[in-house]
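Q: Supplied in structure tokens, the structure appears directly below.
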Amino acid sequence: MQKYSPKNGSGAVVILFMTLCFNILLLLLLSLTNSYEMAVVLKSGLVALNMYQLYYLFMCLSLYYVIDNDEIKIISLWGLKKVAIPTKEISGYQVSTGNIRGIRLSGYGGNNFAIGRTMIDKIGATYMYVTSSKNTIYLKTDEISYGVSPEDMDAFISSLKINGIHESSWELRLKKNVSLLKDKKFTVPFVISTLIIAFITINPIVQYLYNNIPVIMPLSFDAKFTAVSYGTGKQFAFHQMTLGLLNMAVLFCMYYASYFISKYDKKSIYKYIFVPLALSVIFLIMQVRIFLTFR
């Protein structure tokens, strides 16, 4: 078994810098906003953002590669995340020493590093574990390619050849767009999101028509959930319906983004559909809280 350290790059520094910038921006917006809905969305976004950023930061800091007799392992997060690629499934490799040219599908990256899924020019959909684009090796399998950046590239390539893996080239073949609604892993969160959005859109109108909403209702709240403006029950119902329609717009945007991405990498689509799901749950909780407090 041979262990290879990744080549030092700017990935961790870039992610840390961007994390600080995003946090400063969101905290500034949070301090300036006087809207309950916006404050909840910003706080939720702040938590999600930091989890996302720290995940890829720690991956960059803990990444290394292992080659043994029958598989290549990509290990990160201090052993908690392991990707094992059987050597018999690797049909060849390519070497690249320039900037990364491609479309990021998920994860983090830029011209000089990439962690996550990327559509690489002339390579195809690729799991990128590249800390520096100066030493990039692409490993080809039938399902997807893998990108690594070992510090000692010559020794890494020698180990590949010993295991029967040789340099080769291959054609990029795009898949057809898949039928998203036939995929249960996509359909379930999509349907749940649709039902929640339909509820938060229609429920206020139904409650108003059945006279279950007081004549005077709060239309906006400050960040501490104190009502700052009031209106009629009708105005309240249509305001809540508008928030539901905004959620619906996000759902449609994420659906078509998933459809576009599906021809490059099917597995990336699942991350997109959880955005409207999380957002709709947040707005559902806020609407329920308003009804329970002011009815």
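Q: Can you work out which of the residues in the stretch 37-88 that are on the phi > 0 side of the Ramachandran plot and touching a helix residue (DSSP H, G or I) at 6+ places or on another chain (Cβ under 7 Å) is surrounded by the fewest Cβ atoms within 10 Å (Cβ to Cβ)?
A: Only one residue tops the list, namely W78.
Q: Here is a further query. Among the listed residues I196, I261, I269, which satisfies the condition of being in contact with a helix residue (DSSP H, G or I) (Cβ under 9 Å, 6 or more places away or on another chain) and over 25 Å from G116 (Cα atoms)?
A: Details: I261 fails: over 25 Å from G116 (Cα atoms); I269 fails: over 25 Å from G116 (Cα atoms).
Exactly one residue qualifies, and that residue is I196.
Q: A further question follows. Mind telling me which of the residues I67, I115, I74, I123 ends up being in contact with a Ser or Thr (Cβ under 7 Å, 6 or more places away or on another chain) and modelled with pLDDT of 90 or more?
A: Step by step, each of I67, I115, I74, I123 is checked, and only I67 is in contact with a Ser or Thr (Cβ under 7 Å, 6 or more places away or on another chain) and modelled with pLDDT of 90 or more.
Q: Shifting gears a bit: Across the stretch 198-221, which residue is surrounded by the most Cβ atoms within 10 Å (Cβ to Cβ) among those that are in contact (Cβ under 8 Å) with a residue 12 or more places away in the chain and part of a loop (DSSP other than H, G, I, E, B)?
A: Ranking the qualifying residues of the stretch 198-221, first place goes to I213.
Q: Next up: If I ask for residues that are of a type in the set (G, A, S) and either within 16 Å of S106 (Cα to Cα) or surrounded by 15 or more Cβ atoms within 10 Å (Cβ to Cβ) (or both), which ones from the stretch 246-265 would you list?
A: Of everything in the stretch 246-265, those that are of a type in the set (G, A, S) and either within 16 Å of S106 (Cα to Cα) or surrounded by 15 or more Cβ atoms within 10 Å (Cβ to Cβ) (or both) turn out to be A257, S258, S262.
The values are calculated or read from the model by the stated rules, or taken from the named source; none is laboratory data. Computed from a prediction, not measured in an experiment: that's the story for all the values here. A quick note on method: Cβ atoms are made from the backbone with ideal geometry, for glycine too, and the neighbour counts reach across all protein chains shown.
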